[in-house]
1. Would you pick out the residues in segment B:72-109 that are surrounded by fewer than 14 Cβ atoms within 10 Å (Cβ to Cβ) and either in contact with a strand residue (DSSP E or B) (Cβ under 6 Å, 6 or more places away or on another chain) or under 17 Å from B:Q18 (Cβ atoms) (or both)?
2. If you take just the strands (runs of 3 or more DSSP E) that sit entirely in segment A:17-101, which of them hold at least 3 residues that are under 15 Å from the mean Cα position of the chain (by Cα), within 11 Å of chain B (Cβ to nearest Cβ) and within 23 Å of B:V32 (Cβ to Cβ)?
3. When you check A:N7 against the structure, is it touching a residue at least 12 places away in the same chain (Cβ under 8 Å) and loosely packed, with under 12 Cβ neighbours inside 10 Å, yes or no?
4. Among the numbered criteria (1) within 14 Å of chain B (Cβ to nearest Cβ); (2) among the aliphatic types (A, V, I, L, M); (3) under 18 Å from A:S10 (Cβ atoms), which one does A:I110 miss?
5. A:L73 versus (1) surrounded by 22 or more Cβ atoms within 10 Å (Cβ to Cβ); (2) within 16 Å of B:E100 (Cβ to Cβ): which is the lone unmet condition?
6. Just checking, does segment A:25-36 include any residue being among the hydrophobic types (A, V, I, L, M, F, W, C) and over 30 Å from B:Q6 (Cα atoms)?
7. Which of the residues belonging to segment B:53-112 are in contact with a Gly (Cβ under 9 Å, 6 or more places away or on another chain), in a loop (DSSP other than H, G, I, E, B) and farther than 21 Å from B:A2 by Cβ?
8. Any idea which residue in segment B:22-36 is surrounded by the most Cβ atoms within 10 Å (Cβ to Cβ), counting only those that are in contact with a Gly (Cβ under 9 Å, 6 or more places away or on another chain) and assigned to a strand (DSSP E or B)?
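Please treat every number below as a calculation from the coordinates, not as lab data. Just so you know, these numbers come straight off a predicted model, no measurement behind them. With ideal geometry, Cβ positions are generated from the backbone for all residues, glycine too; neighbour counts draw on all protein chains shown.
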Amino acid sequence: DQQVKQNSPSLSVQEGRISILNCDYTNSMFDYFLWYKKYPAEGPTFLISISSIKDKNEDGRFTVFLNKSAKHLSLHIVPSQPGDSAVYFCASASGNTPLVFGKGTRLSVIA
Amino acid sequence: KAGVTQTPRYLIKTRGQQVTLSCSPISGHRSVSWYQQTPGQGLQFLFEYFSETQRNKGNFPGRFSGRQFSNSRSEMNVSTLELGDSALYLCASSRGRPGELFFGEGSRLTVL
């Protein structure tokens, strides 16, 4: 039973355009949500998070949107840069439960 | 500030052997979590330790075990290795802020 789903295994975007990565979750108890970025041969690094009491959080070029009624969150990257090419994981949890990760979306930003 | 250090980075074992992986968390971090990453499966939670106690455990067989020492360093062990155990094993430490994990580079295990 996959509680966190990233239905797009890959995404290609032109440099300068917007990248939108999507994530759906099934557990209504989740109360915080995070995005991690992973480059080859490195561990994932934390990118941005949002708690369930908010519907938007921005950090520079990165914005995360949360739609609790739809159990959906998305990560927007504007403008996309070649260095953003990586695998992006969505993750969720509640309280002190372990983070549950999606399977990841590979983003390729084409110059 | 040193990051999370995992050793060894790469190792090759044969079926039936056992393996021990080590993780040194960021100084001051008392929580250590382990994840398994395989192609197409994302990151699957193995276990979490806090102050030498296992706080959470994932849905893995008993062949997978771990421990944490008083200095917060952690080890995980996999006994009777199977081909399906081939994966990247990631360790992450946390300072307690919900969800924000700091990952090491991982230990890539290949089972032949």
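1. B:N77, B:T80, B:E82, B:L83, B:G84
2. On the way: elements: A:19-25, A:32-38, A:45-51, A:56-59, A:62-67, A:72-77, A:86-93.
Output list reads A:32-38, A:45-51, A:86-93.
3. Working: touching a residue at least 12 places away in the same chain (Cβ under 8 Å): yes; loosely packed, with under 12 Cβ neighbours inside 10 Å: yes.
Answer is yes for this residue.
4. Every listed condition holds for A:I110 apart from (1).
5. If we test A:L73 against (1) surrounded by 22 or more Cβ atoms within 10 Å (Cβ to Cβ); (2) within 16 Å of B:E100 (Cβ to Cβ), just (2) comes out false.
6. Quick first cut of segment A:25-36, residues among the hydrophobic types (A, V, I, L, M, F, W, C) only: A:29-30, A:33-35.
In the following step, the residues that additionally are over 30 Å from B:Q6 (Cα atoms) were identified as A:29.
Checked segment A:25-36: at least one residue is among the hydrophobic types (A, V, I, L, M, F, W, C) and over 30 Å from B:Q6 (Cα atoms).
7. Of everything in segment B:53-112, those that are in contact with a Gly (Cβ under 9 Å, 6 or more places away or on another chain), in a loop (DSSP other than H, G, I, E, B) and farther than 21 Å from B:A2 by Cβ turn out to be B:S79, B:T80, B:L81, B:E82, B:P98.
8. In the first step, residues of segment B:22-36 are kept if they are in contact with a Gly (Cβ under 9 Å, 6 or more places away or on another chain); the result is B:23-26, B:29-32, B:34-36.
Still in the running and assigned to a strand (DSSP E or B): B:23-24, B:31-32, B:34-36.
Details: B:C23: 27, B:S24: 21, B:S31: 21, B:V32: 29, B:W34: 25, B:Y35: 26, B:Q36: 22.
The residue in question is B:V32.
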